[in-house]
């Protein structure tokens with residue numbers, strides 16, 4: 001399995017177990033700790049061999065071989081514990097199960113590195129040591145493995161150690177170590193110092209470049225995968241839209257033809273119908289009306305995905321749309337002995353949008369209230385001005401909606417509870433309202449208490465041109 005697939009699988013497994021999906025940084029922490037533990041072995045070996053090389057080949061005088069060799073052994077022993085502790089968590093799926101211990105391990109090893117580095121610098125020149133720049137390299141290590149806040153905290157800890165070393169030497173609290181040939185303590189043209197500086201800074205630049213290019217390569221690879229995923233998503237979206245349009249086109253004709261035939265049968269153009277035949281026709285017509293509602297909902301969804309909505313938006317008189325919908329569905333509400341009224345304050349500003357889509361959203365709210373609130377209920381549609389938005393509310397005094405169901409209402413193909421006497425819906429109505437609101441820069445929501453009624457609302461931003469006209 002590739003590293004990318006392992007990360008995806010580990011994140012999915014963590015999410016499925018009830019936890020939050022981890023970022024790839026957390027999933028790769030074990031791998032990075034293992035990588036840096038191997039580098040730390042090289043650093044320990046480098047300290048030991050470097051001291052021997054400096055003394056016996058370069059001829060640097062005054063180095064404390066015992067102290068530096070002991071430092072190398074101490075670093076190697078501590079790192080052995082880290083190496084074997086993090087080795088089982090090299091794979092992302094294992095790292096996902098031990099994120100916090102790995103973070104603590106990373107913090108401890110970085111602090112250990114700073115301590116070893118500070119002691120080594122003290123032995124090799126102190127405030128004049130050519131190793132001072134390696135503090136920057138360790139800051140890079142912390143930035144790669146830890147969060148932004150933790151990396152800054154460790155950088156501050158390293159800086160405090162450096163400051164303690166420099167000030168300790170300055171005030172005489174620490175003895176000064178100035179090995180000849182490692183720092184300028186004799187003639188300024190001492191070539192041993194020049195050679196040491198060139199070698200160490202070359203090593204530092206190589207290590208920094210290696211780390212930086214590795215990070216850049218990961219970023220470029222992540223960008224490439226993200227771009228490919230976006231292209232695949234766009235292609236799937238295009239296929240979905242094309243399929244939706246084809247289905248709508250192929251179904252609209254047959255459904256229209258069947259509707260016409262049922263109307264002809266119901267009108268008895270082919271002869272009188274028996275009571276049972278009329279019942280069959282009515283049941284077929286009822287089912288067909290449901291199919292037509294579904295096709296209409298799918299058509300609205302297709303329009304929302306394909307039409308250039310922003311270019312079609314104009315100032316819309318929202319109260320006028322509300323009056324039109326209330327008047328149109330007053331008869332349907334009366335058949336259920338319901339009261340459907342509108343409360344519209346004067347001088348409401350316009351909203352920027354598409355009147356056809358806003359009407360569709362309001363129709364879904366009103367028809368749901370008629371369908372599910374129950375016979376003899378009161379339904380009120382009101383529009384209120386709130387700061388820079390208009391809030392449309394459709395409120396009823398029906399049975400209400402349980403709290404656990406409210407969070408799912410605006411998802412696709414989620415149906416309201418089928419109360420006695422109500423008709424099952426397509427499950428698209430409220431998701432269409434949400435999509436229309438989002439396309440207009442607005443929001444949707446519901447407030448309901450079982451036994452005390454329901455209020456569905458829709459907020460829309462006021463048209464800027466309308467606001468300017470008012471001022």
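The values are calculated or read from the model by the stated rules, or taken from the named source; none is laboratory data. This structure is a prediction, so every number in the text was calculated from the model and none was measured. Here the Cβ is made from the backbone with ideal geometry for all residues, glycine too, and neighbour counts use every protein chain on show.
Determine if the stretch 431-442 includes at least one residue that is assigned by TED's automatic domain parsing to the domain that holds residue 351 and either modelled with pLDDT under 80 or assigned to a strand (DSSP E or B) (or both). Within the stretch 431-442, none of the residues are assigned by TED's automatic domain parsing to the domain that holds residue 351 and either modelled with pLDDT under 80 or assigned to a strand (DSSP E or B) (or both). Determine if the stretch 406-413 includes at least one residue that is assigned by TED's automatic domain parsing to the domain that holds residue 343, surrounded by 15 or more Cβ atoms within 10 Å (Cβ to Cβ), part of a helix (DSSP H, G or I) and at pLDDT below 90. The answer is yes; a qualifying residue exists. In the stretch 314-345, of all residues being in a loop (DSSP other than H, G, I, E, B) and in contact with a helix residue (DSSP H, G or I) (Cβ under 9 Å, 6 or more places away or on another chain), the one that is farthest from residue 383 (Cα to Cα) corresponds to 336. Considering only residues in the stretch 385-405 that are in a strand (DSSP E or B) and at pLDDT below 90, the one that is surrounded by the fewest Cβ atoms within 10 Å (Cβ to Cβ) turns out to be 386. Every condition in (1) in contact with a helix residue (DSSP H, G or I) (Cβ under 9 Å, 6 or more places away or on another chain); (2) within 28 Å of residue 54 (Cβ to Cβ) holds for residue 172 except the one numbered (1). A single member of 48, 8 is modelled with pLDDT under 85 and either assigned to a helix (DSSP H, G or I) or closer than 28 Å to residue 95 by Cβ (or both), and it is 8. Screening 54, 13 for residues that are more than 22 Å from residue 106 (Cα to Cα), within 19 Å of the chain's Cα centre (by Cα), assigned to a helix (DSSP H, G or I) and at pLDDT below 90 leaves exactly one candidate, 13. For the stretch 346-382, a residue qualifies if it is surrounded by fewer than 21 Cβ atoms within 10 Å (Cβ to Cβ) and in a strand (DSSP E or B), and the qualifying residues are 352, 378, 380, 382.
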